Amino acid sequence: MKKLIMTATIFVMTMTSNVLADIKMGIILGFTGPIESLTPAMAASAELAFKEASDSGSLLGGEKISIERADSTCVDSAAATTAAEGLVSGGVVAIMGADCSGVTGAIATNVAVPNGVVMISPSATSPGLTDLNDNGYFFRTAPSDARGGQVLADITKDRKVKSIAVTHTNNDYGKGLADVYVAAVKAHGINVTAVTAHEEGKGDYGAEVATLAAAGGDALAVLGYLDQAGGMIIQGSLDSGAFDVFVLSDGMIGDSLTDRFGKDLNKSFGSLPGSTGKGAGKFAEVAKAGGIDSSGPYTGESYDAAALIALSMQAGGNADRGTIQANVMNVANAPGTKIYPGELKKALDLLAKGKKVNYEGATGVEFTDVGEAFGSFLEKEIKGGKFKTKKQR
């Protein structure tokens, strides 16, 4: 009888341990800071993919994923690094994030790579991250600004802008994008009247607006963040009459901008990574069913980043950090059965049988040899005080 009781106790303890031993995933995004209006939908989209994999019953024989969030702030590398250290010490096996390029590079270099933790960023676009010394642990489902800046310049030319002033946020993202964009618009024969940097978090941007106004131009390119400096520079420009046409980078595109300025921005335009393909449509359906507005920037990329992590575990048959790193490229690219949003169970079942999958996802995922998306872009314009997609580039 005593032996039976001991056996039963061990069984119960084992079962309890199994129930509690979820696979820990980290999500680190700027829940505060200059893009805080964008990150809730990004996080929810990633969590949707993790939930889909968990609820399928097919992930590693029925394993579940638990999620821990952390705040990158988008702009404070020290705070972001500390937050990421908390995730890693807490046992996460991979990180979906970070978001802004500077904090992403800091986390990768100081935390993720030294600890052998995969990071898949949905939105860090600085060209400098292409050459990051990451030992194969950093990936991004967003394409580099080396292409994004060229696309934005092409749209500027097609909109018949003849002269332009440029202001960019003073960090890796802003400087990298500005370098590409300015060179590309000049190559198109557009006169660049000024290129100035701005800092985030100031209370007033009157001096910056005055400098740009003095330079003049048909339009002002704002390469920054909508919830802080970028939005305030637009406000000052409209109030002073300095500019009424704005060329907007991806970090400036979100409903909080049009909610704030409405039809005053009707002649403005921009671009951001995205697709109008089959996967985008499927993601819109899956997101809507999950109560998520998929129209904002980087929601599809966030879902895709999380999905790739889950599929990488399944491909390697284990939930450890090294297995994920070894299999991301295998599930992201051909050969294999194409997988779209809402089809993660199908993918997990195929992988369990030793089959290959080619994850297309929401954004047509295809990685370069350094693990970043080739990517496509959406040309955005503001009509009736709302962002509208004109076409895919």
*Applying the selection to the range 74-87, what residues are surrounded by 23 or more Cβ atoms within 10 Å (Cβ to Cβ) and either more than 12 Å from L29 (Cα to Cα) or not aliphatic (A, V, I, L, M) (or both)?*
C74, L87
*Looking at the range 224-234, is at least one residue surrounded by fewer than 18 Cβ atoms within 10 Å (Cβ to Cβ) and either assigned to a helix (DSSP H, G or I) or under 26 Å from the mean Cα position of the chain (by Cα) (or both)?*
no
*Residue by residue through the range 142-191, note down the ones that are touching a residue at least 60 places away in the same chain (Cβ under 8 Å) and among the polar types (S, T, N, Q).*
S144, T156, T167, T169, N171
*Would you please name the residue that is surrounded by the most Cβ atoms within 10 Å (Cβ to Cβ), looking only at residues in the range 171-207 that are assigned to a loop (DSSP other than H, G, I, E, B) and small (G, A, S)?*
G201
_Take L378 and tell me if it is more than 21 Å from T130 (Cα to Cα), crowded, with 20+ Cβ neighbours inside 10 Å and in contact with a Ser or Thr (Cβ under 7 Å, 6 or more places away or on another chain)._
yes
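Taking into account only those residues within the range 50-59 that are buried (at least 20 other Cβ atoms within 10 Å of the Cβ) and touching a helix residue (DSSP H, G or I) at 6+ places or on another chain (Cβ under 8 Å), which is nearest to D304 (Cα to Cα)?
Filtering the range 50-59 for residues that are buried (at least 20 other Cβ atoms within 10 Å of the Cβ) and touching a helix residue (DSSP H, G or I) at 6+ places or on another chain (Cβ under 8 Å), the one nearest to D304 (Cα to Cα) comes out as F50.
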*Give the range 110-134 a look and list any residue that's in contact with a strand residue (DSSP E or B) (Cβ under 8 Å, 6 or more places away or on another chain), over 20 Å from V365 (Cβ atoms) and in contact (Cβ under 8 Å) with a residue 40 or more places away in the chain, or say none.*
V117
*asked:* Step by step: first the residues of the range 362-393, then only those that are in a strand (DSSP E or B) and under 17 Å from F139 (Cα atoms), then the one that is farthest from the chain's Cα centre (by Cα). Which residue is that?
replied: F367
*Would you be able to tell me the number of residues in the range 233-248 that are in contact with a helix residue (DSSP H, G or I) (Cβ under 8 Å, 6 or more places away or on another chain), closer than 12 Å to L212 by Cα and free of Cβ contacts under 8 Å to residues at least 40 places away in the same chain?*
5
*Looking at (1) in contact (Cβ under 8 Å) with a residue 60 or more places away in the chain; (2) closer than 30 Å to A146 by Cα; (3) not aromatic (F, W, Y), which is the only condition Q314 fails?*
(2)
_Condition met for K267 (part of a helix (DSSP H, G or I), charged (D, E, K, R) and farther than 21 Å from T196 by Cβ)_ = no
*Scan the range 225-232 and give yes if some residue there is touching a helix residue (DSSP H, G or I) at 6+ places or on another chain (Cβ under 7 Å), farther than 18 Å from G270 by Cα and assigned by TED's automatic domain parsing to the domain that holds E381, otherwise no.*
no
*asked:* With the requirement that a residue be surrounded by 22 or more Cβ atoms within 10 Å (Cβ to Cβ) and polar (S, T, N, Q), what does the range 295-324 give you?
replied: T299, S302, S312, Q314
*Return a yes/no flag: does the range 211-226 have any residue that is within 23 Å of A98 (Cβ to Cβ) and among the acidic types (D, E).*
no
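Mind listing whichever residues of the range 265-290 are of a type outside the set (K, R) and free of Cβ contacts under 8 Å to residues at least 40 places away in the same chain?
Across the range 265-290, the qualifying residues are G281, A284, A289.
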_Qualifying helices (runs of 4 or more DSSP H) (wholly inside the range 1-109; at least 2 residues being modelled with pLDDT of 95 or more)_ = 39-55, 77-89, 101-107
*the range 106-158, residues that are under 24 Å from S268 (Cβ atoms), more than 18 Å from the chain's Cα centre (by Cα) and surrounded by fewer than 23 Cβ atoms within 10 Å (Cβ to Cβ)*: Q150, D154, I155, K157, D158
*asked:* Tally up the residues in the range 266-289 that are within 15 Å of L48 (Cα to Cα) and surrounded by fewer than 16 Cβ atoms within 10 Å (Cβ to Cβ), please.
replied: 3
*Count of residues meeting criterion [within 20 Å of K51 (Cα to Cα) and assigned to a helix (DSSP H, G or I)] in the range 328-359*: 12
*part of a strand (DSSP E or B), under 20 Å from K390 (Cβ atoms) and touching a helix residue (DSSP H, G or I) at 6+ places or on another chain (Cβ under 7 Å), is that true of S294?*
no
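The values are calculated or read from the model by the stated rules, or taken from the named source; none is laboratory data. All of these numbers come straight from a predicted model, not from anything done at the bench. Cβ sites come from the backbone with ideal geometry, for glycine too, and all protein chains shown count toward neighbours.
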